[in-house]
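To start, the structure itself, in structure tokens.
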Amino acid sequence: MSLLSVHGLKVAYGGIQAVRGIDIEVAEGELVCLIGANGAGKSSTLKGIMGLAHPRGEVLLAGERLHKLPTHAIAARGLALVPEGRGVFGRLTVAENLDMGAYARRDRAGIQADLARAYDLFPRLAERRAQLAGTLSGGEQQMLAIARALMGRPRLLLLDEPSMGLAPLMVRKIYETIAMIAAEGVTLLLVEQNAHLALKVSQRAYVMESGEITLSGASAELAANPRVRAAYLGE
Amino acid sequence: MRERPRLALALLAVLLAALPFLIGTGLGNSWVRVLDFVLLYVLLALGLNIVVGYAGLLDLGYIAFYALGAYLYAWLASPHFGLHLPFWMVLPLGAALAGVFGVLLGAPTLRLRGDYLAIVTLGFGEIIRIFMNNLNAPFNLTNGPQGMNLIDPVSIGGVSLGKSLEVAGITLPSTYLYYYLFLAATLLVIVVAMRLQHSRVGRAWAALREDEIAAAAMGINTRNVKLLAFAMGATFGGLAGGLFAAFQGFISPESFTLWESILVLCMIVLGGMGNIPGVILGAVLLTVIPEALRYIGDLQRATLGQVVVDPADLRMLLFGVALVAMMLFRPAGLLPSRQRKREFSAQDGVAEQEQASLYDTKA
């Protein structure tokens with residue numbers, strides 16, 4: 001059974017339909033990506049899953065209904081979102097940000113262990129733990145946002161455009177980290193405009209266009225698909 | 001001082017205990033009255049600081065909660081309805097009523113931020129004041145613009161704080177007695193505010209202030225946490241209002257204008273938003289300085305033979321100049337919180353860090 005099943009998800013802002021009834025499945029331990037152009041409805045899909053945008057349709061996590069729950073309750077059931085634009089708490093320190101990631105947890109020992117692991121995974125954050133998150137570089141903020149989401153020990157991590165606004169070198173580093181996290185067994189749903197990178201790191205992919213899913217399949221196959229190559233890989 | 005925190009604390013306690021005597025002998029008893037008002041404003045500023053400084057919700061109608069606390073005290077402890085309940089019942093009720101109204105204000109404004117929230121809260125403050133001004137008919141609830149009179153003073157164990165008290169040959173005027181009551185309330189509120197800041201709720205408020213979507217995604221119930229901020233802030237306001245009514249013995253809608261809301265907001269901005277010592281300093285300065293400026297009138301009369309510049313005008317002028325100067329030279333406030341201080345001082349390094357992180361492949 002899938003860890004995450006999305007059926008007929010619709011997200012609308014006023015009269016504008018951003019997501020027009022899509023189905024997504026993510027199995028335990030999988031890294032699935034959702035690619036598409038600007039405005040295709042990728043971020044709205046994540047917001048819909050997270051309960052941030054008044055979605056319609058069905059969202060199930062391991063069979064449990066998440067739709068109609070408020071965002072904080074969805075988070076408490078094991079979904080973590082790294083929002084578009086990173087959403088770090090700028091006037092809190094790196095350490096305080098990480099601390100907030102574990103807000104819904106009560107197991108002190110586990111939190112301490114995960115904190116050590118986060119600093120292990122991102123040594124740069126360890127160096128800057130007393131620094132204000134708002135003064136970090138874009139790439140460091142992205143690392144912090146990912147590390148903070150992992151502090152909640154999520155069953156499923158939703159990543160919204162982690163490469164956005166970053167220098168190529170930093171993008172590579174972030175993707176190495178994402179591959180590492182996936183290798184540790186964390187289930188990920190990744191939204192990305194950079195189809196090249198996303199298809200390389202993921203096992204399966206969905207292609208989204210104007211609020212609908214037009215293609216899906218194994219990432220390697222999609223990367224070889226002439227339509228995808230023409231539309232998203234610039235060939 | 002750091003090596004001897006206990007000694008410092010003991011000295012501070014002695015100073016606070018002796019303060020009305022020092023000020024009363026040095027500056028005259030009218031200044032002890034000012035001192036009492038300083039404490040009331042410290043209470044108000046600490047309450048508003050929870051809403052604005054901790055949770056980042058700009059509230060321009062805060063004085064309405066002060067009004068509610070004051071009016072509830074007047075309703076339950078004055079000849080107006082013939083009720084004379086003791087203060088230990090009325091003060092908590094006033095604080096609770098204000099807290100309920102805090103939630104009532106918070107609930108419809110949950111989706112508003114920044115300027116929009118400020119406008120709605122401003123409207124709320126005015127609604128309360130206008131109600132108080134007009135609820136003398138058809139049923140006389142508030143006695144309208146005339147206000148409510150002969151409000152019972154606080155009375156502890158049969159000793160009324162409204163009259164002078166003779167203890168061991170020393171006469172303690174009413175203002176001295178109220179000073180100790182207000183001091184106790186202020187200390188209580190300081191302790192509560194400090195504990196809140198470092199609690200789970202305090203951290204949730206900080207996250208909410210920084211990024212609401214991210215806060216919700218961390219599992220924070222943003223709705224409840226916001227309502228709690230409004231309720232806590234309002235509760236402190238209501239408590240201060242009750243104390244104010246008992247102390248003055250008279251209240252009218254004039255005491256609860258928009259100007260008062262703005263003044264309290266200025267106190268926290270001037271002192272340092274989010275930082276308790278800063279907020280206290282702001283409240284002290286903005287209460288004492290206008291009083292001190294009254295002497296400018298006497299000074300003019302003595303030296304020039306007439307009053308050339310009205311002290312009241314001068315107060316507003318200096319107030320404006322002080323705020324502009326502060327925004328230029330100390331934008332984070334006189335005693336900024338750790339977070340805001342870092343925010344305002346660390347900006348130069350950002351570009352450098354960006355560069356460093358781009359070319360650093362090791363990390």
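Couple of notes before you dig in:
- Cα lying deepest toward the dipole's positive end in the protein assembly as shown, options B:Leu110, A:Ala40, B:Pro138, charges on Cβ: B:Leu110
- Selection from B:Leu7, B:Met327, B:Ala98 lying farthest towards where the dipole of the protein assembly as shown points positive, charges on Cβ: B:Leu7
- Dipole magnitude of the protein assembly as shown, debye to nearest 20 (Cβ charges: Lys/Arg +1, Asp/Glu -1, about Cα centre): 720
- Derived scalar couplings ³J(HN,Hα) [region B:170-184; Karplus, 6.51 cos²θ - 1.76 cosθ + 1.60; whole Hz; x for Gly, Pro]: 9, 8, 9, x, 3, 4, 5, 5, 5, 4, 5, 5, 5, 4, 4
- Orientation-averaged projection of the protein assembly as shown equals 35.0 nm² [convex hull of Cα atoms, one quarter of hull surface area].
- B:Phe21 versus B:Ala312: modelled label distance in nm, points set 7 Å from Cα along the beta carbon direction: 3.8
- Per-residue HN-Hα couplings for region B:221-235 [Karplus 6.51, -1.76, 1.60; θ = phi - 60°; Hz; x = Gly/Pro]: 6, 4, 5, 5, 5, 5, 4, 5, 4, 4, 5, 5, x, 5, 4
- Amide H partners (placed H, <5 Å) of A:Gly36, local residues excluded: A:Glu192, A:Met208
- Antiparallel %, DSSP beta bridges [both residues in the protein assembly as shown], to 5: 60
- Region A:78-235: C-alpha pair distances exceeding 24 Å, %: 35
- This model, with +1 at the C-beta of Lys and Arg and -1 at the C-beta of Asp and Glu, gives chain A a dipole about its Cα centre of some 480 debye.
- Taken along the Cα-to-beta-carbon direction at a fixed 7 Å, the label points for A:Ala218 and A:His7 span 2.8 nm.
- FRET efficiency estimate (nearest 0.05) - Cβ-Cβ, B:Val103 to A:Asn225, R0 60 angstrom: 0.60
- Value of [θ]222 nm, deg cm²/dmol, for chain B, DSSP H segments ≥ 4, -39500 (n - 2.57) each, nearest 500: -22500 deg cm²/dmol
- A simple charge model with +1 on the Cβ of Lys and Arg, -1 on the Cβ of Asp and Glu and nothing else charged puts the dipole of region B:1-144 at about 300 debye relative to its Cα centre.
- GNM result for chain B, Cα springs below 10 Å: residue of B:Arg200, B:Arg129, B:Arg301 fluctuating most strongly: B:Arg301
- Using C-alpha pairs below 8 Å separated by at least 6 residues, the relative contact order for chain B is 27 percent.
- Intensity falloff of region B:189-257 expressed as log10 I(q)/I(0), Debye formula with alpha-carbon point scatterers, at q = 0.12, 0.18 Å⁻¹: -0.45, -0.75
- The residues A:Ser219, B:Ser261, when put in order of fewest to most other Cβ atoms within 10 Å, stand as A:Ser219, B:Ser261.
- Dipole of region B:72-193, positive end: most advanced residue of B:Thr121, B:Ala193, B:Tyr178 [Cβ charges, Cα centre]: B:Thr121
Only the coordinates and a few stated rules stand behind these numbers; no lab work does. Note that this is a predicted model, so its numbers are computed, not measured. Here the Cβ is made from the backbone with ideal geometry for all residues, glycine too, and neighbour counts use every protein chain on show.
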